[in-house]
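These notes concern the structure reproduced below.
None of the figures in this text is laboratory data; all of them are computed from the coordinates on show. Note that the structure is a prediction, hence the values are computed from the model and not measured. No Cβ is skipped: glycine too gets one built from the backbone with ideal geometry, and neighbour counts run over all protein chains shown.
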Amino acid sequence: MREIAEQREEHIRDLGGLALEMHKRDRFEPRLLSEKAAEIAALEAETKLLRRALEEGLTTGELEALGGGPSKLGTAAESQPQ
C-alpha cells in the first residue's frame, strides 16, 4: 500500500505540473488531463480494495475477484503475509 501511495503522490505532482504547463501555454487538453486524473483514481481504487482485503483477510483469489481479475495487485497481495 505504501508503494501505491507513493505512486499516487507522484501522479498528483505530475498532473499539477501538466496543468501548470498547459496554463502557461494557454493550451488546455482536457482529454489528457482526464486520462491522468483517471490514473490517480485507479490507484485510489486499488488502495481501497487492498485495504479491504487486509481488513477482511481475503485471499489473493478473492482479491482478484473483487478487482475484476488479475492485476498488479496480485503481486503485491502475494507478498503480504496471510
Quiz item: Mind checking the dipole of region 2-78: about its Cα centre, +1 per Lys or Arg Cβ, -1 per Asp or Glu Cβ, Debye to the nearest 20?
Solution: 320 debye
Quiz prompt | Area projected by the alpha carbon convex hull of region 1-43, averaged over all directions, nm² | solution = 2.6 nm²
Quiz item: Can you give the Rg to Rh ratio for region 2-78, taking only C-alpha atoms and Rh from Kirkwood?
Solution: 1.13
Quiz item: Measuring from centroid to centroid over Cα atoms, what is the spacing of region 40-56 and region 1-32 in Å?
Solution: 21 Å
Quiz item: What trypsin sites (Lys or Arg not before Pro) does region 27-64 have in DSSP loop regions with at most 11 other beta carbons within 10 Å?
Solution: Arg27
